[in-house]
Amino acid sequence: MSFLHPEFLYFMLPILVILFSMLLTQEELNERFFSIEVLKKLYVDTDQFSVKTRNVFYLLMFFFLIIALASPVVEKGHALTYVEDDTFYIAIESDETSFKKSQHTAIKVLKKLRGAKVGLIIFSAESYLVSPPTEDYELLASFVKTMKPSLVGPTSYERLTASVNLLMDDKKLKQLVVIGVAKRARLEALAKEKSIILLDAKNVHYSGEGPHEQPIYVY
């Protein structure tokens, strides 16, 4: 058995234990001044449970309520579903020595991604959005052809992955094609941290929908 929302257990159970440990060990105010035998003679007990007994039941009630909020489940297998993967970003590194080559590569990638929505980014020390995802490939191609490697400073893959993560925050698949990368290993490590799918410009293609395994839970 596992929990879909274990944070309820981590944050609420300790507070519950502390609260009810104080309640269950606290003496009633009258018991500070009179003995239990004297109190029994002073009033008629119309309740079937004592205060401590009622507190125990309250404790159990809140305990099982927290367990229910944590959503206990048993995994019964996986179902193959299909997730739309029709959004891509092309990021071109602003490097004067290889920028012309990167532009030609970006045009080729655009042709491979026909049918998908494609966004365009240029990056160096900073990361800038040239175009949001669109299916206007002629417009994107014109952007690529007219771009200039004007950004200065050491390349920051941290800024690139952070901006892509923000731009694709609502997407199930964060797909990124980076062109003109010198430190591929560093970029791959950062992309993995942010669950960004890093695609190679030579092998990228668009296939409509992609298969995705979805676990089946029984509550």
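The values are calculated or read from the model by the stated rules, or taken from the named source; none is laboratory data. Here the structure is a predicted model, which is why all the values come from computation and not from measurement. No Cβ is skipped: glycine too gets one built from the backbone with ideal geometry, and neighbour counts run over all protein chains shown. Heads up: the accessible areas ignore ligands, DNA and RNA and are worked out on the full protein's heavy atoms, side chains in. Shrake-Rupley method; radii C 1.70, N 1.55, O 1.52, S 1.80 Å.
Remarks
- Computing Rg and the Kirkwood Rh from the Cα coordinates of the range 74-161 gives a ratio, Rg/Rh, of 1.13.
- For the pair residue 169 and residue 23, the difference between a 0.36 nm per residue extended length and the Cα-Cα distance amounts to 48.0 nm.
- Positive-pole candidate from 144, 168, 154, dipole of the range 130-171, charges at beta carbon: 154
- Cβ-derived FRET efficiency at R0 30 Å, residue 183 paired with residue 145, nearest 0.05: 0.65
- Residue 158/residue 130 FRET efficiency (R0 25 Å; Cβ-Cβ; nearest 0.05): 0.80
- Peptide packing for 108-121, 55-68 was compared via the average number of neighbouring C-beta atoms within 10 Å per residue; ordered from the highest value, the list is 108-121, 55-68.
- Apportionment of accessible area to carbon and sulfur, the range 97-219, percent (1.4 Å): 54
- The order of the peptides 95-106, 169-180 by mean Cβ neighbours within 10 Å, most packed first, is 169-180, 95-106.
- Local net charge near residue 109, Cβ-Cβ under 11 Å (Lys/Arg +1, Asp/Glu -1): +4
- Calculated FRET efficiency, residue 214 to residue 66, Cβ-Cβ distance, R0 = 30 Å: about 0.65 to the nearest 0.05.
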